[in-house]
1. Projecting each Cα onto the charge dipole of the protein assembly as shown (Lys/Arg +1, Asp/Glu -1 at the beta carbon, about the Cα centre), which of B:Cys99, B:Leu26, A:Phe105 comes out farthest on the positive side?
2. What are the label-to-label distances in nm, one decimal and shortest first, from B:Glu23 to the same spot in the other copies, with labels 7 Å along Cα to Cβ?
3. Quick one: grab Rg to one decimal and Dmax as a whole number for the protein assembly as shown, Cα atoms only, in Å.
4. Check which residues have an amide H placed less than 5 Å from A:Leu36's amide H, if you skip close sequence neighbours.
5. Mind checking Rg over Rh on the stretch B:1-108, alpha carbons, Kirkwood formula for Rh?
6. As an exercise, find the ratio Rg/Rh for the stretch A:92-140 from alpha-carbon atoms, using the Kirkwood inverse-distance average for Rh.
7. HN-Hα J couplings of the stretch B:122-137 from phi, Karplus 6.51/-1.76/1.60, θ = phi - 60°, integer Hz, Gly and Pro as x?
8. What share of the DSSP beta bridges in chain B is antiparallel, in percent to the nearest 5?
2 protein chains.
Amino acid sequence: MNYKDSFREYLGKHGLKVTQQREVILDEFLAAGSHLSTEELYRAIREKNPHIGYATVHRTLKLLAESGLAAPRHFGDGHTRYECSSEEQHHDHLICTICGAIVEFENPGIERLQELVAAKHGFVIEQHRLEIYGRCAACLAGKGK
Amino acid sequence: MNYKDSFREYLGKHGLKVTQQREVILDEFLAAGSHLSTEELYRAIREKNPHIGYATVHRTLKLLAESGLAAPRHFGDGHTRYECSSEEQHHDHLICTICGAIVEFENPGIERLQELVAAKHGFVIEQHRLEIYGRCAACLAGKGK
DNA sequence: ACAAAAATTGATTTTCATTTTCAATAAAAA
DNA sequence: TTTTTATTGAAAATGAAAATCAATTTTTGT
Ligand SMILES: [Mn+2]
Ligand SMILES: [Mn+2]
Ligand SMILES: [Zn+2]
Ligand SMILES: [Zn+2]
């Protein structure tokens, strides 16, 4: 089942309605780059759909997050960013402090050690967040934007 | 050199003044528990020093962070929290999603793997943040507050 | 298809942590 | 001590996120 059907299913199961705005916003969310802020997605949508309001974009992103289709991220710039999460598996992020580039990575070894750390302290993990901040290759080479 | 002298040194080197308020706030910051929000520290200070304003507590915490004596943390509850950072070494956090308990841990294996991940993507690490959210032992046993 | 019921929309307002303002005050320099 | 400079704290401003509410759209019921 694809994103659009999953979203429709979630809406139906929660007594929510399938609206034109929600369809457009999901389409643009899937088409636009990942890790976009509400403001960024709103601007992208507004180009083709000037009638869709900021509040609706905001609410739909929260709805996508609640439905598990989008994942909110916080990289320290004061803006909540969202990325698709349904079909992708868990990953963490490398963030360039100069150009803002975001690189995703997965590391089973780190994941395993986290489980060991949690177990050692009697915790059962629900989620985790690992963000590595530094300078990306391009910026180190003086070629960052 | 202790915290108070380090702070005085930082102030002196930056053309800033050593004030009674800053001394009191640093004292309370060191005496109070770790991972306190500005609001929490302000309340603790106000009990003995009703004349110290919220803005001054806020500014002093930022100053402590700039000087490297305090480290700001964000655990997702919308409040910036601060902890001492000067003499302690790096650590990460386990946060209970039920009672809010915060457990600190260090794991050299995870740190090493992070360096490998960063190197693989051409990044030079400046800092990182690892937060593991889950249920603590007490809450799992039904004894959480 | 039509009417009634229920949810959504979007411009606007509100919230709330954080930051800034500014006249009075305190600290450091002369 | 006098002058200069920074700090203080009450209040106001800021800004991202969330809430409001009358108008509109979607869905349900007949
Ligand atoms: Mn990502
Ligand atoms: Mn800590
Ligand atoms: Zn870069
Ligand atoms: Zn707990």
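1. Most positive-ward Cα: B:Leu26.
2. In ascending order, 7.1 nm.
3. 22.2, 64
4. Under 5 Å from the amide H of A:Leu36: A:Tyr82.
5. Dividing the radius of gyration by the Kirkwood radius yields 0.98.
6. In the stretch A:92-140, Rg relative to Rh is 1.12.
7. Each residue of the stretch B:122-137 in turn: x, 8, 10, 6, 9, 6, 8, 9, 10, 10, 10, 9, x, 10, 6, 4 Hz.
8. Of the beta bridges lying entirely in chain B, close to 75 percent run antiparallel.
FYI, it's all coordinate maths here, none of it is from the lab. Please read all numbers here as calculations on a predicted model, not as lab measurements. In this analysis, Cβ positions are derived from the backbone assuming ideal geometry, glycine residues included, and neighbour counts consider all displayed protein chains.
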